[in-house]
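**Q** Quick one: structure below, then a few questions.
The values are calculated or read from the model by the stated rules, or taken from the named source; none is laboratory data. Just so you know, these numbers come straight off a predicted model, no measurement behind them. With ideal geometry, Cβ positions are generated from the backbone for all residues, glycine too; neighbour counts draw on all protein chains shown.
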Amino acid sequence: MTPVQAHGKIHVCGTQLCNQSGKPIQLKGMSTHGTQWFAHCVSDRALDVLAKDWKMSVLRVATYARQGGYEADPKKYTELVHQMIERASARGLYVIVDWHTVNPGDPNLDLANAKKFFTEIAKRHKHRTNVIYEVANEPHDVKWSTIKSYAEKVIPLIRSIDPDSVILVPTPGWSTFGASQGDDERSVVENPLTAKNVMYTFHFYARVAGAGYMAILNRASNKLPVFVTEWGIASWSGHGSDFATAQKWIDLMAKKKIGWTNWSLSDDDKEHSIFKKGTCGASKFAAATSHSPSGAWIRERMRG
């Protein structure tokens with residue numbers, strides 16, 4: 001039975017993500033790297049391995065707003081998302097459509113393109129029960145009020161086409177509830193969105209995010225529904241893997257049934273990549289020899 005067959009149309013209930021029967025669930029999967037660089041790693045063969053052997057339940061598709069992504073060729077990168085949604089759907093996986101804003105830190109500066117992007121995605125896939133929308137990736141150097149204003153422009157647009165899918169909204173400080181800016185979750189907790197079926201995103205990189213970050217996620221998830229749409233074992237730079245701290249994060253997310261997608265489904269030379277360099281070109285994803293150290297570690301946690 002595939003994840004979508006098992007859970008059906010998911011929705012937010014209280015502070016949890018729940019299946020069609022109202023039971024809290026934890027989705028676990030991978031985030032792609034930028035599709036302008038690593039689309040070839042999201043092949044049918046790769047998804048077969050991740051779905052069947054790794055037991056992945058959700059794929060996050062990262063479409064960069066800039067950096068050679070959507071802005072450079074909207075038609076090309078929208079079509080790539082369509083293809084990846086179709087491939088994941090054929091395998092019964094949930095799909096997070098990520099509008100991957102990095103710089104500038106204010107998502108409002110890419111609002112026009114975001115509206116166009118999500119309109120096209122929602123129109124094509126509104127009939128599906130497995131699509132989740134992540135309206136921006138990592139705002140920074142802006143307050144929650146700015147992010148909230150952006151979300152209040154994009155959410156109604158998606159809802160007008162696809163009225164009941166789950167929508168993910170970023171939090172301040174590179175989606176850390178403000179932790180990376182010396183703040184905490186209170187700005188969001190005390191002034192949440194009024195929209196229904198919405199979750200808030202949290203990101204961490206284990207090498208540089210320890211007990212203080214964990215405490216913020218723990219407190220925030222007591223009050224709000226949270227999904228960890230991006231995390232890594234190393235630093236955000238891709239170096240210095242810290243498996244012991246990463247395990248503490250895994251344990252916390254499991255205890256609280258917080259869904260996650262690991263960064264990243266790629267084969268570059270950073271420690272975050274789950275495949276060794278050259279794996280995607282060779283299209284040999286199943287062999288254990290193709291897994292990076294972090295890939296082998298993530299596979300075990302996903303299967304568990």
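**Q** Given the structure, is SER237 modelled with pLDDT under 95 and assigned to a loop (DSSP other than H, G, I, E, B)?
**A** yes
**Q** Hey, another quick one. Going through ALA246, ALA215, ALA254 one at a time, which residue ends up being aliphatic (A, V, I, L, M), surrounded by 21 or more Cβ atoms within 10 Å (Cβ to Cβ) and at pLDDT 95 or above?
**A** ALA246
**Q** Tell me, please, whether a residue that is of a type in the set (D, E, K, R), more than 21 Å from THR101 (Cβ to Cβ) and touching a residue at least 24 places away in the same chain (Cβ under 8 Å) can be found in region 230-238.
**A** The answer is no, given that none of the residues of region 230-238 is of a type in the set (D, E, K, R), more than 21 Å from THR101 (Cβ to Cβ) and touching a residue at least 24 places away in the same chain (Cβ under 8 Å).
**Q** Ok, one more. Could you run through region 286-302 and say how many residues are in contact with an Asp or Glu (Cβ under 8 Å, 6 or more places away or on another chain) and either at pLDDT 95 or above or part of a helix (DSSP H, G or I) (or both)?
**A** Final tally of qualifying residues: 4.
**Q** Could you go through region 76-91 and let me know if any residue there is of a type in the set (D, E, K, R), touching an Asp or Glu at 6+ places or on another chain (Cβ under 8 Å) and either without any contact (Cβ under 8 Å) to a residue 12 or more places away in the chain or not in a loop (DSSP other than H, G, I, E, B) (or both). Break it down stepwise before answering.
**A** Start the filter on region 76-91 by keeping residues that are of a type in the set (D, E, K, R), which leaves 76, 79, 86-87, 91.
Now restrict to residues that are touching an Asp or Glu at 6+ places or on another chain (Cβ under 8 Å): 87, 91.
Checking which are either without any contact (Cβ under 8 Å) to a residue 12 or more places away in the chain or not in a loop (DSSP other than H, G, I, E, B) (or both) leaves us with 87.
Yes, region 76-91 contains a residue that is of a type in the set (D, E, K, R), touching an Asp or Glu at 6+ places or on another chain (Cβ under 8 Å) and either without any contact (Cβ under 8 Å) to a residue 12 or more places away in the chain or not in a loop (DSSP other than H, G, I, E, B) (or both).
**Q** Also, quick follow-up: What is the number of the single condition among (1) of a type in the set (S, T, N, Q); (2) modelled with pLDDT under 95; (3) in a helix (DSSP H, G or I) that ASN222 does not meet?
**A** Among (1) of a type in the set (S, T, N, Q); (2) modelled with pLDDT under 95; (3) in a helix (DSSP H, G or I), the lone unmet condition for ASN222 is (2).
**Q** Could you please find all residues in region 126-162 being within 23 Å of VAL58 (Cα to Cα), part of a loop (DSSP other than H, G, I, E, B) and of a type in the set (A, V, I, L, M)?
**A** VAL135, ALA136
**Q** Could you please let me know if ASN113 is among the polar types (S, T, N, Q) and closer than 24 Å to TRP174 by Cβ?
**A** Judged against the criteria, ASN113 is a match.
**Q** Of the conditions (1) buried (at least 23 other Cβ atoms within 10 Å of the Cβ); (2) on the phi > 0 side of the Ramachandran plot; (3) not in a helix (DSSP H, G or I), GLY173 clears all except one; give me its number.
**A** Evaluating GLY173 over (1) buried (at least 23 other Cβ atoms within 10 Å of the Cβ); (2) on the phi > 0 side of the Ramachandran plot; (3) not in a helix (DSSP H, G or I) leaves (3) as the failure.
**Q** May I ask you to verify whether VAL226 is buried (at least 21 other Cβ atoms within 10 Å of the Cβ) and farther than 27 Å from LYS270 by Cβ?
**A** Values: buried (at least 21 other Cβ atoms within 10 Å of the Cβ): yes; farther than 27 Å from LYS270 by Cβ: no.
For VAL226, the condition - buried (at least 21 other Cβ atoms within 10 Å of the Cβ) and farther than 27 Å from LYS270 by Cβ - is not met.
**Q** Can you tell me which condition PRO163 does not meet? The list is (1) free of Cβ contacts under 8 Å to residues at least 12 places away in the same chain; (2) crowded, with 24+ Cβ neighbours inside 10 Å, and all the others hold.
**A** Single failed check for PRO163: (2).
**Q** Now for a separate question. If I ask for residues that are within 19 Å of LYS256 (Cβ to Cβ) and over 19 Å from the mean Cα position of the chain (by Cα), which ones from region 189-212 would you list?
**A** Selection gives VAL189, PRO192, GLY210, ALA211, GLY212.
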